[in-house]
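A short write-up of the structure that comes next.
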Amino acid sequence: MKMKSFSNSDSPVLPLFQTFPALKEHIPHISLGRFPTPVRRMAALGKKLGHPNLYIKDDGLTGSELGGNKVRKLEFLLGDAIKKKATDVITFGAAGSNHCAATAFYANQLGLTCTSILIAQENHSYVGKNILLGAACGAELHHFSHPISAYIPGIMIYVRKLLKTGRIPYIIPMGGSNPPGIIGYVNAAFELKEQIISGYIPKPDTIFVPMGSMGTAIGLMIGLKAAGLTCKVIPVRVIEKTVANKEKFRKLFHTTVRFLQQSDSTFPNVELESQEPIIEEGYLGKGYAQYTREGKDAIDLIAYTEGIRLEGTYTGKTLAALMDYAKKPDKKEEMLLFWNTANAIDFSSLIKDVDYRRLPKAFHKYVESS
Ligand SMILES: *Cc1c(COP(=O)(O)O)cnc(C)c1O
């Protein structure tokens, strides 16, 4: 795999940094993906649903070899890791975590070694593929058999191990959702604003986005408010309440705003209304990564009408929520935006030579049964 060049001085200034130049001085960032991501009208899907105003912002295409929402976060997280002279990154997630796979992929491009600590999950074909991608990118994959609540002590075991051998680990939380990672989506809102101003897309009234570790929705809400765009954001629950809930959401929102203000005192003191976030609770089904009938139907319909490929853990459930909303008679006037977060690039050529039998035994089933 080719190595990424460390110099990003030739990349254009990020929309967020254009508005708040002082942030650029204080917040590390490294260019990994391709931006802006496309926006377009989904006329055929809209016709099926009897709604004239459906659009997509396609973060499936954030990278030429691997896309998805994690690329925006990793530009800030890995930028920070490099600034701090890290040699390694350590992260955590479900066995098939898109975040862990993307972290392994982009860390490898920067010459950083990735350790991913993974917990068991519902098996689907993408799980094995993401495990193989991590392995193909030289990541160390460990199976974590304790409850998810014990993940910090779990990470610390590997932090101590690396420190002992003179390496410098940088810890990235689940889903990349801490203030630096979330800034990726604050910037995304400013990117959308530029596309609105340039006339590529009308201003949305309501944006649907999946809510996993919450960083995507939090960053968007901060960014939209700071950019003066009054859109309603509907985070769609795709994970259990213990991981994502209103209280945690509000706390992380405020922590991230404070983090931005510490870097640039002119960053506005944006706030959540008392009812926000308005979490859509109706599409989780039996739990994280447990596919639902509505989610599968939504995936089939957008594939058939628009040629867009989604998945069942996050984006299918989110599109199902948008589709039901779009069918309501009192929502026909609204401009609805589906913010796609699922990687759209086929990476099968990257994983075809990986021998999964060299991985810890606990991971074999995900590859064998897919
Ligand atoms: C991680 C992920 C999400 C969830 O984003 P969060 O910032 O963790 O809420 C949504 N969609 C896909 C495809 C993901 O991989």
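Just a few scattered comments:
- Here GLN195 meets the list (1) in a helix (DSSP H, G or I); (2) within 14 Å of the ligand (Cβ to nearest atom) almost entirely, failing just condition (2).
A quick yes/no check of all residues on (1) under 24 Å from ILE196 (Cα atoms); (2) surrounded by fewer than 21 Cβ atoms within 10 Å (Cβ to Cβ); (3) away from the ligand (no atom under 15 Å from the Cβ); (4) without any contact (Cβ under 8 Å) to a residue 60 or more places away in the chain:
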residue	(1), (2), (3), (4)
PHE208	yes, no, no, no
GLU273	no, yes, yes, yes
ASP297	no, yes, yes, yes
ASP300	no, yes, yes, yes
ALA303	no, yes, yes, yes
GLY312	no, no, no, no
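- Residue list for region 314-328, restricted to those being more than 16 Å from the ligand (Cβ to nearest atom) and of a type in the set (D, E, K, R): ASP324, LYS327, LYS328
Residue by residue, here is whether (1) in contact with a strand residue (DSSP E or B) (Cβ under 6 Å, 6 or more places away or on another chain); (2) crowded, with 18+ Cβ neighbours inside 10 Å; (3) under 21 Å from MET214 (Cα atoms) holds:
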| residue | (1), (2), (3) |
| --- | --- |
| GLY128 | no, yes, no |
| LEU141 | yes, yes, no |
| PRO147 | no, no, yes |
| ARG167 | yes, no, no |
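- Residue match in region 279-286 (condition: surrounded by 17 or more Cβ atoms within 10 Å (Cβ to Cβ), modelled with pLDDT of 95 or more, within 16 Å of the ligand (Cβ to nearest atom) and of a type in the set (Ser, Thr, Tyr)): yes
- ALA189 meets all of the listed conditions (1) surrounded by fewer than 15 Cβ atoms within 10 Å (Cβ to Cβ); (2) closer than 24 Å to GLY67 by Cα; (3) small (Gly, Ala, Ser) but one, namely (1).
- Subset of region 210-245 (residues that are assigned to a helix (DSSP H, G or I) and within 14 Å of the ligand (Cβ to nearest atom)): GLY215, THR216, ALA217, ILE218, GLY219, LEU220, MET221, ILE222, GLY223
- Pair list, Cβ < 7 Å and 6+ apart or interchain, from region 338-352 residues that are farther than 16 Å from GLY138 by Cα and within 15 Å of the ligand (Cβ to nearest atom) to residues that are hydroxyl-bearing (Ser, Thr, Tyr) and not in a loop (DSSP other than H, G, I, E, B): ASN340/THR315; THR341/THR216; THR341/THR315; ALA342/THR315
- Listing of strands (runs of 3 or more DSSP E) fully contained in region 33-141 that carry 1 or more residues being away from the ligand (no atom under 15 Å from the Cβ) and more than 21 Å from LEU336 (Cβ to Cβ): 88-94, 113-119
- Scanning region 91-121 for residues that are β-branched (Val, Ile, Thr) and within 16 Å of the chain's Cα centre (by Cα) returns THR91, THR103.
- Top-ranked residue of region 160-192 - restricted to ones that are part of a helix (DSSP H, G or I) and touching an Asp or Glu at 6+ places or on another chain (Cβ under 8 Å), ranked as farthest from PHE259 (Cα to Cα): LEU162
- Close pairs from region 87-105: first over 24 Å from GLN290 (Cα atoms), partner among the acidic types (Asp, Glu), Cβ under 8 Å, at least 6 apart: PHE105/GLU65
- For region 30-59, filtering for residues that are in contact with a Pro (Cβ under 9 Å, 6 or more places away or on another chain), of a type outside the set (D, E, K, R) and touching a residue at least 60 places away in the same chain (Cβ under 8 Å) leaves 6.
- Of everything in region 221-236 that is touching a residue at least 60 places away in the same chain (Cβ under 8 Å) and crowded, with 24+ Cβ neighbours inside 10 Å, the residue that is farthest from LYS193 (Cα to Cα) is VAL236.
The values are calculated or read from the model by the stated rules, or taken from the named source; none is laboratory data. Just so we're clear, the structure is a prediction, and the values are computed from it rather than from any experiment. Heads up, the Cβs are rebuilt from the backbone with ideal geometry, glycines too, and the neighbour counts pull from every protein chain shown.
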